[in-house]
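J.: First, the structure itself, so that you have it in front of you.
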Amino acid sequence: MIPMTPGESSDPRLFLKTMLLEMKGVQRYDIGFPGATDLAFPELAEILTGQLLNNVGDPEDPGLGRNHTKPLEREVVAAVADILHAPEERWGYVTTGSTESVLHALHDARRRYPDSVLYTSAAAHYSVAKGAHLVGLPLVVVPTHSSGSMDIAGFRRALAPRRGRPATVVATAGTTMTEAVDDVPGIVAVCDDLGVVRRRIHVDAALSGVPLALLPEGERPAFDFSTGVTSMAVSGHKFLGTLMPCGVLVYAGPSGAGVLTRIPYTGSVDSTITGSRSGHAPLILWWVLSTLGAEGLRRRARASRRLARYTHGQIQALGWPTRINPHAFTVTLAEPPTAVLAKWVLARDGRTAHVVCMPGMCRDQIDEFVSDLKRALSVSSALSPHLRAI
Ligand SMILES: Cc1ncc(COP(=O)(O)O)c(C=O)c1O
C-alpha cells in the first residue's frame, strides 16, 4: 500500500533503491524479449525528470502549448522515413509503440475504405487482430512457411475470391517469434495481378525495420517504402534502445492520415490516436539517432547478428533443434526443459522459445545459458519427436 502519511511505512527512496538493485540483478537472465539495454541517457536527466513535455495533436502543428518537442519529433520522423526509403512526401508521428502504429494504420484504412478486408499472416503480432476488432475490419489470416514468413500463394488464394473489395494488408518485417520477413514485393505483385488497386499496405517492422534498412544494397531484403507500401512502423524501445516504450510511424503521402479535425482547446489537428502524447519519447529518439548516426546503428546491428549466429551455433552443437533466419537477432529453439525456463526469461509459444540477441547482451550470458541447457539435457531426454524439426 502507498503510505499517504510521511513516516507511516518504509522510506520510498529505500524501496526504489532495492527495486532497482533487484532489476539489475535479474537483467542478465532476460534474453527472450527484444529490448536493447546498451544505452543510458544521463545527459537528458534534467529534462526527462524536471520538465513537462506534451506533444498533443499533430506533430506538424505546434498548437497552443509551448512545452513540447514537436520540432525534434519531426526530425525523428524524417530520419526514420529516410532510413526506410520513404518518398519525399511523407507524414508520421512518434507513437507509444508498434501496437499503436498498427491501430493507426488500420483506422486510416477503415476510414478510406470502409468495406475493406484485412489480411495478415498467422505469424503477425497479436496487435493486428486486436486492431481489426477495434476498428471493425474483417480479418483473414494467411498461412506461413516454416520460416514464419507469409505464404504468398496462400495470400493469393485468400485475396482472389474477395478481389472486388478493397484490401488492407499488414505485412511483417521481423515476426515476433522467428524474425521472418514477409515478401512485400510478392504481396504488392499479387494485389496488382488481381487488380486490387484500392488497397493499403502497412509494414510492421517493430524490431527489424531499422537494422534491415541499414544493410548494404544487395543484401537488404525488399520490404521498405521502395516496394510501394503505404505505411511502416518501428518500435523505439527495441533496436533503438530508448528504454521507455515508444515507436515511429511513417506514411508515404501527405499529412492527415487520421482524423483531421482541428481542436479549438489544443489548437492543433487531431491526427493521432491519443490526444496528449509524450514529448520525452521523441526527445530520447532524437538523441539516439543524432548521437549514434547510421554508422553507430549499423555497428550495433552487426554485433547483435554476430552474437545471434554464435548462439545458434552453440545450441546446434548440443544437438538441440534451433533455427535462425537471415539477418536475424532472434534464435528460435525447441522449448527447453523447465529447469532452464525457471532461470531464464524466454519468449515461448508452447512449442518453441527464442533468444533475441539485442544490443547490451554479451557472449558470457549466452555461454551461461548454453551450459544450463546442456546440464538440463544431460538429466532429461526431454525432446519429443514433433520438435525434432522446428
Ligand atoms: C512484429 C511485432 N509487431 C508489433 C509488436 C508490438 O510492439 P510494441 O511493443 O512497440 O507495441 C511487437 C512486439 O514484440 C512485434 O514483435
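Throughout, read-outs are computed from the coordinates displayed, never taken from laboratory work. Keep in mind it's a predicted model, so treat the numbers as computed, not measured. Neighbour counts run over all protein chains shown; Cβ positions are idealised from the backbone, glycine included.
J.: If you count the DSSP beta bridges with both ends in segment 164-283, what percent of them are antiparallel, to the nearest 5?
T.: Numbers: 8 of 17 bridges.
In segment 164-283, DSSP labels about 45 percent of beta bridges as antiparallel.
J.: Sorted by average packing, counted as other Cβ atoms within 10 angstrom per residue and highest first, what order do 60-73, 273-286 take?
T.: On the way: 60-73: 17.4, 273-286: 21.4.
Sorting 60-73, 273-286 by mean packing, highest first, produces 273-286, 60-73.
J.: What is the total of Lys pairs in the chain with C-alpha atoms under 30 Å apart, excluding same-chain pairs fewer than 8 positions apart?
T.: Close lysine pairs found across the chain: 11.
J.: Here's a follow-up. Once you charge only the Cβ atoms, +1 for Lys and Arg and -1 for Asp and Glu, what is the size of the charge dipole of the chain about its Cα centre, to the nearest 20 debye?
T.: Details: 39 positive and 36 negative charges, 173 e Å.
Here the size comes out at about 840 debye.
J.: Bin width 10 Å, alpha-carbon pairs only: give the P(r) of the chain as whole percents, running from 0 to the bin holding the largest distance.
T.: Answer for the chain: a P(r) of 5, 22, 29, 25, 15, 4, 1, 0 percent.
J.: Please list the equivalent ellipsoid semi-axes of segment 234-390, computed as the square roots of five times the alpha-carbon gyration tensor eigenvalues, in descending order and whole angstrom. Write down the numbers at each step before the final one.
T.: Details: eigenvalues 338, 67, 38 Å².
Each semi-axis is the square root of five times an eigenvalue, giving 41, 18, 14 Å.
J.: Give, in whole angstrom and from largest to smallest, the semi-axes √(5λ) of the equivalent ellipsoid of segment 215-283, with λ running over the eigenvalues of the Cα gyration tensor.
T.: Details: eigenvalues 160, 71, 10 Å².
Rounded to whole Å, the semi-axes are 28, 19, 7.
J.: I'd like to compare 126-137, 20-31: which one has the highest average count of other Cβ atoms within 10 Å, and what's the full order after that?
T.: Values: 126-137: 17.6, 20-31: 12.6.
So the peptides 126-137, 20-31, ranked by packing, come out 126-137, 20-31.
J.: Determine the percent antiparallel among the DSSP beta bridges restricted to the chain, to the nearest 5.
T.: 60 percent
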